[in-house]
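S.K.: Quick one: structure below, then a few questions.
Read the figures in this text as sums done on the coordinates, not as results from a lab. These numbers were taken from a predicted model, which means no experiment stands behind them. Every residue, glycine as well, gets a Cβ built from its backbone with ideal geometry; the counts of neighbours run over all protein chains shown.
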Amino acid sequence: MNKEMIKFTCPMDCFDACGMIATVQNGKVIKVEGDPAHPFTKGYVCEKGKRHLERLYHPERLRKPKKRMGDIWIDISWEEAIDEIGNKLLEIKREYGTTAVLHYSDAGYGGLSKSVDKMFFNYYGGVTVSRGGLCWSAGIQGQKYDFGDNQGHHPKDHLNAKTIIIWGRNPYNTNLHLMEYLAQAKKQGTHIVLIDPIRTKTANIASEHIYIKPSTDGALALGMARVIIEESLVDQRYIDQYVKGYEAFKDYVADFTLERVEKITGIDQETIKRLAITYAANKPSCIIIGYGLQRYINGGNNVRCIDALGAITGNIGIQGGGVNYANKSISRYVKGEVVKSEGFIKNQRTYSKTKLGEFLESVQEPTIKCIFVTKSNPLVQVPNISRTMEAFAKVDFKVVVDMFMTDTAKLADIVLPCTSILEEEDLIYSSMFSPYISYSAKAVAPPDGIIGEYEFFRRLAIKLGLEEYPDIGQGEFLERAIQPLMNTFEITLDQIKHSYFSIPKREIPWEDGKFETPSGKFELYSEMAMAEGTSPLPTYIPALEGGREFPLRLLTPHCKKSLHSQHFVFISEVPVVYLNKKTFVSNHLEMSGLVKIESKQGILIAKPEIDESVGDEILMIYEGWWHKSGSVNFLTEDIISDIGEQAAIYDCFCKISNHK
Ligand SMILES: Nc1nc2c(c(=O)[nH]1)N[C@H]1C(S)=C(S)[C@@H](COP(=O)(O)OP(=O)(O)OC[C@H]3O[C@@H](n4cnc5c(=O)[nH]c(N)nc54)[C@H](O)[C@@H]3O)O[C@H]1N2
Ligand SMILES: Nc1nc2c(c(=O)[nH]1)N[C@H]1C(S)=C(S)[C@@H](COP(=O)(O)OP(=O)(O)OC[C@H]3O[C@@H](n4cnc5c(=O)[nH]c(N)nc54)[C@H](O)[C@@H]3O)O[C@H]1N2
Ligand code: SF4
Ligand SMILES: [Mo]
């Protein structure tokens, strides 16, 4: 039979949103690969992208709705599942009010069609939802104070830079297509600096790697600002025209002498000075910030301190410049039914996402009667999971929608299978980096009558009698969502289906010097920040230190082979902890056995590996391991950042010993 090639897009929570092609034969996907016609991802995809095929036909994939009966699971029909969930939601609404339902969701699948979860709960009347986040919220809010929004340069513009600083990002693991641009930039002779407490493989593409003590990036940036001011390398014309609060900032940074900054950051004075001068003098200079450096109690301010460097040197709004953190160029043109549904919220309650466990323990009036989990695996990915699990387990009724029986699903009362990207029609874009939106066609029908989330929530809405819930097909829903995009740029869905679209003239954000802040300028001094209870100036808040009992810092960044917990489904070994020889020896560890890592929150058994790329007094374990191996978040603490209620998940202090 003829083979058919179907264009789809990787929906993972990733920077790249790669264009892909599925080869379909006899109703089966036999191959997935990158689409060489995608102007940005050009046919290159990572191993995780290729594993969509493996996940699609994996023997352990969930195929039927399941209901817990004591210690066993029984298969139920979709009708039964909808009846049971529907009756429960009706009862809760009647007896306790809709906010007794908590909807927990994340970005486990990035297609627009699955944003109907949110829409459903809005029509239901509004439920308990999260504030802040586990991912990037400190930096997002920090940049909102400074710029008014989160915009990134088109990555091809990085090739116009003479200096690039990669600050706390590890594109070798996390951001495949940035690596290509960096490789090209390096060939052209661009000076590339990497700042990271770990010498990651990204360092191989950098001209230099600078070790920094975790959580001290704010101090480094302020120290650099002081040098730049002292050496008269500021762009005074830019400051006068476009920057608010320079004089107050200048006064504040005067205290950040090289000597002091060396003490805080562990970077020698010569290096700090050279870095500052290179950044300011070898213009245009571009900074690419990752999400690692904001997972701390001072994370939002650390990002603001770095933004300030761009403003005082006039590296904003110019070719080859920018302080790139996120890229929300598409999302501002996506609205439609989900936004409309917000008008139907009668009651809503919020809790800080990081503190799910604490919230469940303490919430009153109403207490939580139902947790509904979509596109996420919180009992692996939130900090302090022992506490969270205990509180989660006590809730009367829990529903989880997932593709696999995750550690979160295992604690549910009803588990619903979801479709794969290869079984959905969808629109996909990333707000992190790639400036493209693309259409993803349905390659095959789901097995065993699995109904996707789009259809499931529609049927549930009917069951609940939510009359205003939009009675439209998935294609219509998608088209309405991007109506603002189509109107503004005079394109049709059909054109998007047959090509890839990015916003024209959005290659250099803030080029016109008009910022979306209250003053219309870049705000070094933000009254909005002050009104929200934080410092108006970018400030260095001292990093936390491990005490006597727990002297080592545990970093748990993202690994190359898995998207968070998703690809650890295939793995059951114990996690590997990486540490340098000095830390290994000073803790009297033995190479032959396993080690025990303890924090205030819990214990984890791991296999040690000596790795000189890890900084002193640091343990590094990749996040994502399931409970069967040992999850890192048994060790982490549920504390939040200064700005944006970000999980300060790398503020985790431990001790390590041989495991007998
Ligand atoms: N393969 C893969 N790709 C992914 C993901 C994945 O799980 N796997 N996840 C996706 C998601 S959701 C996200 S949020 C992104 C994250 O993308 P990245 O930001 O690139 O990755 P992280 O692992 O969060 O951290 C980046 C780096 O920050 C460093 N770091 C930690 N603390 C500090 C510090 O105090 N200062 C400095 N300067 N550096 C520090 C870490 O050592 C790490 O190398 O990746 C996305 N892409
Ligand atoms: N210690 C530590 N913890 C961290 C981090 C860290 O750096 N260190 N990083 C944090 C970050 S940046 C993030 S973004 C969060 C991520 O947290 P999560 O988003 O909770 O992490 P994932 O493991 O990607 O879980 C997504 C789940 O969605 C499921 N899924 C896939 N497709 C679909 C679908 O179509 N429908 C439904 N309903 N489900 C689907 C997947 O099978 C998977 O179980 O983790 C955070 N946790
Ligand atoms: S996970 Fe990211 S890099 Fe890999 S295929 Fe998907 S979008 Fe591309
Ligand atoms: Mo993330």
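S.K.: Classify region 406-528 from the C-alpha gyration tensor, please: rounded if a/c falls under 1.5, else prolate or oblate depending on whether a/b exceeds b/c.
M.R.: Details: a/c = 2.13, a/b = 1.66, b/c = 1.28.
Because a/c hits 1.5 or more and a/b exceeds b/c, region 406-528 counts as prolate.
S.K.: Where does the chain land at 222 nm, in deg cm²/dmol rounded to the nearest 500, when only DSSP H runs of n ≥ 4 count, each adding -39500 (n - 2.57), divided by all residues? Present the calculation step by step, with values, prior to reporting the outcome.
M.R.: Numbers: 23 runs with 198 residues, N = 660.
It lands at -8500 deg cm²/dmol.
S.K.: A follow-up question, please. Based on the mean of other beta carbon atoms within 10 Å per residue, what is the order of 146-156, 558-568, most packed first?
M.R.: Numbers: 146-156: 22.2, 558-568: 19.8.
For the peptides 146-156, 558-568, the packing ranking is 146-156, 558-568.
S.K.: Can you tell me the 0 to 90 degree angle between the C-alpha axis of helix 269-281 and the longest principal axis of the chain, rounded to 10?
M.R.: Here the helix axis deviates by roughly 80 degrees.
S.K.: Over the chain, what is the mean sequence separation of C-alpha contacts under 8 Å (at least six apart), divided by residue count, expressed as relative contact order in percent? Write out the running numbers ahead of the final one.
M.R.: Details: 1510 pairs, mean separation 141.3, N = 660.
With pairs under 8 Å counted, the relative contact order is 21 percent.
S.K.: Kindly rank 547-557, 194-204 from highest to lowest mean number of other beta carbons found within 10 Å of each residue.
M.R.: Working: 547-557: 18.0, 194-204: 22.3.
With the highest mean Cβ count within 10 Å placed first, the list reads 194-204, 547-557.
S.K.: Here's something else I'd like to know. Is region 552-658 rounded, prolate or oblate when judged by the Cα gyration tensor, a ≥ b ≥ c being the square roots of its eigenvalues, rounded requiring a/c under 1.5 and prolate requiring a/b larger than b/c?
M.R.: Oblate is the answer for region 552-658, as a/c is 1.5 or above yet b/c matches or exceeds a/b.
S.K.: Another one. Tilt of helix 217-230 relative to the longest C-alpha principal axis of the chain, in degrees (0 to 90, nearest 10)?
M.R.: Rounded to the nearest ten degrees, it is 40.
S.K.: Give the residue list of GluC sites (Glu not before Pro) in region 214-282 that are DSSP loop and have at most 15 other beta-carbon atoms within 10 angstrom.
M.R.: On the way: sites: E230, E231, E247, E259, E262, E270; in loops: E231.
Qualifying residues, ordered by number: E231.
S.K.: Could you calculate the FRET efficiency of H588 with S232 from 1/(1 + (r/R0)^6), where r is the beta carbon distance between them and R0 is 45 Å, rounded to 0.05? If you can, show how the numbers build up before the last one.
M.R.: Numbers: r = 52 Å, r/R0 = 1.16.
That pair, H588 with S232, gives E of 0.30.
S.K.: Say each of V574 and D494 gets a label point 7 Å from the Cα, pointing the same way as Cα to Cβ; how far apart are those two points in nm?
M.R.: Placing both labels 7 Å beyond Cα along the Cβ direction yields 6.2 nm.
S.K.: Only sites in a loop by DSSP and with at most 13 other Cβ atoms within 10 Å count here; which trypsin sites (Lys or Arg not before Pro) in region 260-358 make the cut?
M.R.: Taking region 260-358 and a limit of 13 other Cβ atoms within 10 Å, the loop trypsin sites (Lys or Arg not before Pro) found are K346.
S.K.: If I fit a long axis through the Cα atoms of helix 78-95 and take the longest principal axis of the Cα atoms of the chain, what angle between them do I get, 0 to 90°, rounded to 10?
M.R.: 70 degrees
S.K.: Could you tell me the center-to-center distance, by alpha carbons, between region 608-660 and region 294-333 in angstrom?
M.R.: 26 Å
S.K.: With the Cα gyration tensor of the chain giving a ≥ b ≥ c as the square roots of its eigenvalues, does the rule (a/c under 1.5 for rounded; else a/b larger than b/c for prolate; else oblate) give rounded, prolate or oblate?
M.R.: Numbers: a/c = 1.55, a/b = 1.31, b/c = 1.18.
Note, shape of the chain comes out prolate.
S.K.: Return the loop-located GluC sites (Glu not before Pro) in region 1-93 (DSSP other than H, G, I, E, B) with at most 16 other Cβ atoms within 10 Å of their own Cβ; answer none if there are none. Spell out each step's value before the answer.
M.R.: Numbers: sites: E4, E33, E47, E54, E60, E79, E80, E84, E91; in loops: E60.
The qualifying sites are E60.
S.K.: Now for a different question. Assuming 0.36 nm per residue, please report the length gained on full extension of the stretch E365 to K187 beyond their Cα-Cα distance.
M.R.: Residue separation times 0.36 nm, minus the Cα-Cα distance, leaves 57.9 nm.
S.K.: Take each of the peptides 612-621, 528-537, average the number of other beta-carbon atoms within 10 Å over its residues, and list them starting from the highest. Before the final figure, lay out the partial values.
M.R.: Details: 612-621: 20.3, 528-537: 16.4.
Descending mean neighbour count gives 612-621, 528-537.
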